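Reading through the structure tokens given below for one structure.
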Amino acid sequence: MYREGQATAIQRADYSAPAYWIDTVDLCFDLDPAKTRVLNRMFLRRNPEVPAQPLKLDGDELNLARVLVNGQGTSFKIEGTQLVLDNLPDAFELEIFTTCCPAKNTKLMGLYVSNDSFFTQCEAEGFRRITYFLDRPDVMASYSVTLRADKAKYPVLLSNGNLVAHGPLEDGRHFAKWVDPHRKPCYLFALVAGQLVAREQRILSRAGKEHLLQVYVRAGDLDKTEHAMNSLMHAVAWDEARFGLALDLERFMIVATSDFNMGAMENKGLNIFNTKYVLANQATATDTDYSNIESVVGHEYFHNWTGDRVTCRDWFQLSLKEGLTVFRDQEFSQDLAGEASARAVKRIEDVRLLRTAQFPEDAGPMAHPVRPDSYIEINNFYTVTVYEKGAEVVRMMQTLVGRAGFARGLTLYFERHDGHAVTCDDFAQAIADANPGSALATLLPQFKRWYSQAGTPRLHASGTYDAQARTYTLAVSQSCPPTPGQPPKEPFVIPMGVGLLGQDGQELPLQLAGEAAPVPGQRTLVITQATETLTFVGVDAEPVPSILRGFTAPVVLEFDYSDAQLLTLLAHDSDPFNRWEAGQRLALRRAIKSIAATAYPAGATALDDAYIEAMRSVLRHPLLDAAFKELVLTLPSETYIAEQLDVVDPQRIHAVREAMRAQLAHALADDWQWAYETHRDSGAYRPDPVSSGRRALAGMALANLCLVAQGSGPSASSGQASVWPGKAYQRFKDAGNMTDRLNALSALVSSGHALAAQALPRFHALFKDDALVLDKWFALQAGAPDRDGNVLPAVRQLMKHPDFTLRNPNRARSLIFSYCSANPGGFHRADAAGYVFWSERVMELDGFNPQVAARLARALDRWTKLAEPYRSAAREAIVRVAAKPDLSNDVREVVSRALA
Ligand code: 0A1
Ligand code: ZN
């Protein structure tokens with residue numbers, strides 16, 4: 001067994017069924033911030049399929065007061081963190097009495113206090129911080145829970161399931177008893193107690209059943225719950241309509257807390273959410289917030305079936321519920337967006353996240369398969385690979401069996417596994433078995449390599465046109481780079497959406513050699529071999545291939561497109577994803593060329609007329625949606641550009657991208673002005689895709705116009721340009737919604753205009769009582785484009801601001817993560833000061849919240865790619881963190897992998 005300091009790596013191959021089952025759990029809590037008493041009465045029975053052995057219950061930071069077996073005192077041992085009982089009957093009642101201290105729970109795992117209320121977080125292994133238990137997802141039990149607390153301080157007492165009794169107790173205390181009708185693993189347990197108010201909504205299911213939906217928040221926040229409630233109602237209706245999955249509870253509750261390590265949690269019937277993904281009104285939330293709320297509310301609700309009704313056998317199977325549920329929330333948002341073009345915008349956004357966050361993970365020291373083989377700390381594996389790549393794997397299954405076939409597969413999955421804890425194999429098998437004869441069913445063992453092989457496959461394609469034979473041949477090959485512990489890779493099953501465009505941009509019918517007749521429009525071909533040749537016949541002139549349409553597989557497509565071909569795709573491709581992709585390729589190519597150029601400052605004229613004219617055509621296009629235009633006109637991020645290079649000089653990338661941004665701003669100055677004027681007013685605020693798209697494009701235009709005013713080109717000197725910062729400031733003051741207000745503020749900050757110094761304090765004064773808006777204020781400053789190293793001193797100064805605290809994860813993310821993980825130009829400093837700052841914060845956070853610290857530790861994952869002097873300095877900083885003697889397993893796993 002592999003040992004890492006104190007910690008032992010858990011291996012997927014070592015899975016064995018539990019030695020005992022827990023049938024019922026009866027919990028009684030006396031809630032007190034300093035000392036909460038937990039009485040846990042369980043019925044257990046030996047698992048006859050496993051050799052007889054002692055019962056080992058997990059615990060963490062608990063004070064044990066009493067253990068009774070069938071009402072009698074018993075001998076027990078404490079081995080490390082486990083409570084060990086031997087010589088047990090085959091079936092017995094076990095009573096355990098413990099206490100814990102929620103007020104001192106800074107890890108926010110288990111039972112903790114936030115704003116004078118109690119909350120729990122049990123996934124993945126937090127329940128053991130509440131009571132001794134078999135804290136593993138394959139042990140499913142029936143729960144009844146009694147909560148007792150001071151009535152004035154904690155008027156609302158919530159747990160999973162149905163409220164069966166409540167009433168007063170002595171000394172101003174009261175109680176509530178909850179019974180969950182569904183068996184569940186302990187990671188889905190939840191309780192909440194505090195001064196909360198609820199927005200309520202009664203709904204009827206298709207079958208005519210009534211349900212109560214509730215969104216609980218602090219008293220002042222009720223006016224910010226309408227969108228979350230609407231999103232929940234949409235989610236309930238969508239799951240019934242698309243997959244026939246109805247709400248199985250009389251009552252479904254969402255509770256918001258401002259102290260939360262992650263986004264939200266799908267506890268059965270009692271979802272607990274980060275306030276960020278609940279609270280919204282037009283004055284305080286942006287369009288992005290609105291859309292995030294919709295997808296996170298959907299995500300947690302969809303877990304009710306994919307995660308709660310059918311759960312994971314062990315934590316290696318995490319993507320069973322997460323990949324599938326992300327896929328479901330992506331589909332939900334697309335279906336709600338409606339129009340094909342709005343669906344495409346959502347798809348592009350999802351792919352952009354995958355490529356900027358997951359592709360680097362898959363190429364770095366933390367690379368792991370969608371179903372990992374081992375871990376030291378499971379909390380480190382709630383990753384973009386498990387979530388977003390996992391969702392792509394599920395999406396490929398749908399592509400291979402079709403939308404209806406996939407819905408059939410899901411139905412079979414629930415028929416087979418409802419109420420059980422299963423594996424990714426069980427899921428894939430159900431989808432394949434419901435679709436006999438499909439490519440998925442035929443290729444299932446090979447397809448499942450997506451679960452076992454890490455790394456991003458590269459799909460290389462080249463095209464040859466034979467005018468005489470009227471054929472177009474695509475030679476396709478695939479490979480996958482080595483990842484830690486996985487040197488060679490076997491070929492994947494890669495669904496590849498393909499279309500061919502004529503020189504005039506018209507879609508050509510497709511006929512493969514050997515086929516009887518052409519098929520109009522695009523089709524999905526399935527690549528399975530290391531190399532393959534696809535020959536299209538009846539092709540009258542050399543076509544422009546549109547490959548991997550809709551991003552049908554999570555791969556890097558290499559095709560040596562000419563600029564002319566990319567311009568044709570950008571102008572004409574009927575597939576909006578590839579249309580956007582063509583624009584990205586054109587920009588990327590120019591960025592890379594400029595980065596490699598020897599002249600400095602780099603990128604002064606990175607963009608040529610052809611590119612600029614193409615962007616102008618998109619911007620002025622009479623038919624394209626504003627949201628799509630905004631995506632096309634956004635240059636590839638610095639992180640994405642860095643991933644394309646073998647050796648990364650972050651300052652050079654930053655300089656080139658900034659120069660490209662400025663060039664685009666100047667060259668299209670009149671067009672930006674037109675775009676701003678024609679999109680700035682979207683009528684009464686509604687966060688729908690069309691009006692959000694208009695606001696996004698207007699915001700982008702304003703940012704560009706401010707950049708022009710700050711710059712030195714011919715358009716800057718004209719009096720016309722210099723009015724824009726003033727207009728932006730006015731807009732910032734007058735805006736009727738947060739999207740427009742923040743966009744105007746951001747235009748001033750990112751152009752570096754002096755008015756930013758007036759706008760920022762004004763913004764703070766306006767929103768000083770709204771934590772989520774203050775997060776935006778911190779984030780904007782920490783993420784500002786770096787000018788002569790000005791961001792780090794600003795961040796250090798902001799750490800001293802009375803509103804800053806590292807203890808609140810949202811606030812820590814808004815300042816520290818925005819700087820270290822989302823501002824490469826500011827963070828990667830030649831003087832290493834960014835890395836020093838990073839190491840200080842990782843170690844500081846690790847002292848009280850290792851989970852959040854380990855996330856921050858990932859900011860230097862890609863250090864080996866850095867050019868000198870960054871590389872050595874980054875290594876030094878990581879070594880400094882690794883040398884901390886009392887480092888958590890969470891951070892230790894990340895830094896030791898980085899140094900391996
Ligand atoms: N299952 C949740 C994510 C989650 C995981 C761990 C947590 O611990 C702090 C919290 C939430 C989801 O996928 O939404
Ligand atoms: Zn989830």
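FYI, it's all coordinate maths here, none of it is from the lab. Bear in mind the structure is a predicted one, so any value in this text is a computation, not a measurement. All Cβ positions, glycine included, derive from the backbone under ideal geometry; neighbour counts span all protein chains shown.
Zone of ASP433 (label point 7 Å along Cα→Cβ, backbone N under 20 Å): which residues in region 359-403?
Output list for this probe position: 394, 397-398, 400-402.
Under 5 Å between amide hydrogens, which residues at least 5 positions from ASP803 or on another chain qualify, with H placed 1.01 Å from N in the peptide plane?
It is none; the list stays empty.
Let me know the charge dipole size of the chain about its Cα centre in debye, to the nearest 20, where only the beta-carbon of Lys, Arg (+1) and Asp, Glu (-1) is charged.
1260 debye
Got a sec? Charge dipole of region 603-694, +1 on Cβ for Lys and Arg, -1 for Asp and Glu; which of MET660, PRO622, GLY683 is way out at the positive end?
It is GLY683, whose Cα lies furthest towards the positive end.
Taking +1 at the Cβ of each Lys and Arg and -1 at the Cβ of each Asp and Glu, which of PHE577, LEU400, VAL791 sits farthest along the dipole of the chain towards its positive end, judged by Cα position relative to the Cα centre?
Result: VAL791.
Whole Å is fine, so just give me how far the alpha carbon centre of region 277-310 lies from that of region 795-858.
26 Å
Aspartates and glutamates within cross-link reach of LYS153: Cα-Cα under 13 Å, excluding same-chain residues under 8 positions apart?
ASP32, ASP116, ASP171
Roughly what would the spin-label model give for ALA571 and LEU588, points 7 Å off Cα along C-beta, in nm?
Distance between label points: 2.3 nm.
List the longest stretch of the chain that has no exposed loop site; here a site is one of the trypsin sites (Lys or Arg not before Pro) assigned by DSSP to anything other than H, G, I, E or B, with at most 11 other Cβ within 10 Å.
My reading of the result: 207-786 is the longest stretch.
Could you give the longest part of the chain that holds none of the GluC sites (Glu not before Pro) found in DSSP loops with at most 10 neighbouring Cβ atoms within 10 Å?
Looking at the chain, 171-900 is the longest stretch - no exposed GluC sites (Glu not before Pro) with at most 10 other Cβ atoms within 10 Å.
Farthest toward the dipole's positive end in region 6-85, which of PHE76, ALA13, LEU31, given Cβ charges of +1 (Lys, Arg) and -1 (Asp, Glu) about the Cα centre?
Positive-end residue among those listed: PHE76.
About the Cα centre, and with charges only on the beta carbon of Lys, Arg (+1) and Asp, Glu (-1), how big is the dipole of region 728-835? Nearest 20 debye, please.
Roughly 140 debye, rounded to the nearest 20.
List, in order, the whole-Hz ³J(HN,Hα) value for each residue of region 466-471 obtained from phi through the Karplus relation with A = 6.51, B = -1.76, C = 1.60 and θ = phi - 60°; use x for Gly and Pro.
In residue order, the calculated couplings are 10, 5, 5, 7, 6, 10 Hz.
Quick check: the distance between the Cα centres of region 860-898 and region 525-550, to the nearest angstrom?
That distance is 44 Å.
Note down the nm distance, to one decimal, between modelled labels 7 Å out along Cα→Cβ at ASP803 and at GLN11.
Result for the modelled spin labels: 5.2 nm.
Among the helices of the chain (complete DSSP H runs), which have Cα atoms covering no less than 27 Å along the helix axis and a Kyte-Doolittle mean of at least -1.0?
Those that clear 27 Å and a mean of -1.0 are 318-337, 576-596, 689-710.
Could you put LEU353, LEU249, LEU400 in order, starting from the residue whose Cβ has the fewest other Cβ atoms within 10 Å?
Listed from fewest to most nearby Cβ atoms, that is LEU353, LEU249, LEU400.
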